[in-house]
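A.B. asks: A single structure is presented below for examination.
The values are calculated or read from the model by the stated rules, or taken from the named source; none is laboratory data. Fair warning: this is a prediction, and the values are worked out from it, not measured in the lab. Note: ideal-geometry Cβ built from the backbone for every residue, glycine included; neighbour counts use all protein chains shown. Just the protein is used for accessible areas: all its heavy atoms, side chains included, with ligands, DNA and RNA removed. Shrake-Rupley method; radii C 1.70, N 1.55, O 1.52, S 1.80 Å.
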Amino acid sequence: MKNVFVGNMNFQTTEAELRALFEPFGQVTRVHIAMDRETGRARGFAFVEMPNDAEATKAMSELDGKEVGGRALKVNEARPKAASGVGGPRGSGGSGGGGGFDRDRDRDRNRGGSGGRGGNSRQGGRFSTEDYRDSPRQPREPRW
């Protein structure tokens, strides 16, 4: 079973069109077009599962760079999904919903390691205030 990534797709491409594009190379088990949760619009990439690895490899080599819907497709083997979105590429969303931003990792990088007061203060995915325990409180600005 080989999972094939299809990128740079036209946003109006349907699952049926994608299946028809891959079926001349062999059997297609599943076609999944990634959709934006908020807008319901296609995100411009999809995944196609093919049970035969040789057929999938032939499809990748033949379809990579082929123009469909006015756009040159980018077709290659899909990489496995990371175990967690934290620390992933920016904008990945991930399980933390932080878009790949890891506050503790960035703070430790700027500090030059995990030394210093508190070290890595990540507790159950929440931000801890233990690093600021000895710091004076900053005055708030008026809200008018």
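A.B. asks: Starting from residues that are of a type in the set (A, V, I, L, M) and farther than 20 Å from PRO80 by Cβ, keep the ones in the stretch 38-59 and report whichever is most open to solvent (accessible area, probe 1.4 Å). Show your work before the answer.
C.D. replies: Going residue by residue through the stretch 38-59, those that are of a type in the set (A, V, I, L, M) are 42, 46, 48, 50, 54, 56, 59.
Subsequent filtering for residues that are farther than 20 Å from PRO80 by Cβ retains 42, 54.
Working: ALA42: 13, ALA54: 69 Å².
By that ranking, first place goes to ALA54.
A.B. asks: Any residue in the stretch 18-37 that is assigned to a loop (DSSP other than H, G, I, E, B), surrounded by 15 or more Cβ atoms within 10 Å (Cβ to Cβ) and out of contact with any helix residue (DSSP H, G or I) (no Cβ under 6 Å at 6 or more places or on another chain)?
C.D. replies: No: zero hits.
A.B. asks: Under 6 Å by Cβ, and 6 or more places apart or on different chains, what pairs join a residue from the stretch 1-12 that is farther than 13 Å from ARG43 by Cβ with one that is of a type in the set (A, V, I, L, M, F, W, C) and part of a strand (DSSP E or B)?
C.D. replies: These pairs meet every condition: LYS2/MET50; ASN3/PHE47; VAL4/VAL48.
A.B. asks: Also: If we keep just the residues of the stretch 44-65 that are touching a residue at least 12 places away in the same chain (Cβ under 8 Å) and in a loop (DSSP other than H, G, I, E, B), which is farthest from ALA34 (Cα to Cα)?
C.D. replies: Residue satisfying both the conditions and the ranking: ASN52.
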